[in-house]
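The values are calculated or read from the model by the stated rules, or taken from the named source; none is laboratory data. Because the structure is predicted, anything quoted here is derived from the model rather than measured. Cβ coordinates were reconstructed from backbone atoms using ideal geometry, including for glycine residues, and neighbour counts include every protein chain displayed.
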Amino acid sequence: MPPHDPREVHTAWRETSRTGRYAWVGANPVMAKRLWFVLHGYGQLAERFLRPFIDVVPEDTTVVAIEGLNRFYRGMPQADGSHLQHVGANWMTRDGREHDIRDSLDWLDTVHRAVAGGEPLLGRRQRIGVLAFSQGVAMASRWLARDLVTVDAFVAWAGTVAADIDDATLARALGRRAVTFVCGDADPFFPPEAHTAALTRLQGAQPATEVVRFAGAHLLDADTLGRVLAGLPVREGL
């Protein structure tokens, strides 16, 4: 053991229990034919993120929004020049990034087990999709690359897969799943060069990646969202 200097600051990491939040809309998850897990972008919360889904979720579908574990206050500019304090969440910070990623992946697995874990006991096999928006796309791609959950489809909406996933791992994660890339044509946070880079990675992993574009900015376009949710085919006999 190296000599101990009492004048130095010593840092250590320890695991601890966390309590997270998720929310859902649509059909009773036990009876749903489609089950979508959706991951929000930077500074959003599960309940608010679900608002665009409320009027477009198919009647046989459940949409479960999982909230990032890191919450913070952010100032929202108002018309009068003031700033309204708003609580938001994200999936990781630069400080302790590796721990944030691991904790977030464990949290996603926990919610998946809570919502879909008992489904086989009923003799059913729901179709399961993951839809991620903006910053959530990187976390969702890490989750699929972990390959511990059953997922039929992946929708990357206005975001890029994680740079720390190598091409071979990404191909194994996405190559056997239906992949859709969605983006708006006037998105100031996801310009054309970002579109191209994100799509190149997705198509490299899954050449059959479907591309959906809409007229709009950095948001969940309701008409497009409804089509994407309903596009996940249901299993016959359910």
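Would a scan of region 169-178 turn up a residue that is in contact (Cβ under 8 Å) with a residue 24 or more places away in the chain and under 24 Å from Ala217 (Cα atoms)?
no
Return the only residue of Phe214, Phe181 being over 26 Å from Ala32 (Cα atoms) and touching a strand residue (DSSP E or B) at 6+ places or on another chain (Cβ under 7 Å). Please lay out each step first, then the result.
On the way: Phe181 fails: over 26 Å from Ala32 (Cα atoms).
Checking each option against the conditions leaves just Phe214.
Which ones in region 1-46 are more than 28 Å from Asp100 (Cβ to Cβ), of a type in the set (A, V, I, L, M) and surrounded by 10 or more Cβ atoms within 10 Å (Cβ to Cβ)?
Of the residues in region 1-46, the ones more than 28 Å from Asp100 (Cβ to Cβ) are 1-7, 26-28, 30-34.
Now narrow it down to the ones that are of a type in the set (A, V, I, L, M): 1, 27, 30-32.
Matches in region 1-46: Ala27, Val30, Met31, Ala32.
What are the residue pairs meeting all of these: first residue in region 13-39, first residue at pLDDT below 90, second residue polar (S, T, N, Q) and surrounded by fewer than 16 Cβ atoms within 10 Å (Cβ to Cβ), Cβ atoms under 8 Å, and 6 or more apart or on different chains?
Final answer for the pair search is Gly20/Thr110.
Going by what's in this entry, would Ser134 be described as in contact with a strand residue (DSSP E or B) (Cβ under 9 Å, 6 or more places away or on another chain) and on the phi > 0 side of the Ramachandran plot?
Values: in contact with a strand residue (DSSP E or B) (Cβ under 9 Å, 6 or more places away or on another chain): yes; on the phi > 0 side of the Ramachandran plot: yes.
Yes: the conditions hold for Ser134.
Does at least one position in region 92-105 carry a residue that is within 19 Å of the chain's Cα centre (by Cα) and modelled with pLDDT of 90 or more? Write out each step before concluding.
Taking region 92-105 and keeping what is within 19 Å of the chain's Cα centre (by Cα), we get 92-94, 97-105.
Filter again for modelled with pLDDT of 90 or more, leaving 105.
For region 92-105, residues within 19 Å of the chain's Cα centre (by Cα) and modelled with pLDDT of 90 or more: present.
Working only within region 25-72, note down all residues that are among the aromatic types (Phe, Trp, Tyr), in a strand (DSSP E or B) and within 27 Å of Pro233 (Cβ to Cβ).
Narrowing region 25-72 to residues among the aromatic types (Phe, Trp, Tyr): 36-37, 42, 49, 53, 72.
Now drop any that are not in a strand (DSSP E or B), which leaves 36-37, 72.
Those that are among the aromatic types (Phe, Trp, Tyr), in a strand (DSSP E or B) and within 27 Å of Pro233 (Cβ to Cβ): Trp36, Phe37.
What do you reckon, is Gly204 more than 17 Å from Phe133 (Cα to Cα) and of a type in the set (Gly, Ala, Ser)? Steps first, answer last, please.
Values: more than 17 Å from Phe133 (Cα to Cα): yes; of a type in the set (Gly, Ala, Ser): yes.
Answer is yes for this residue.
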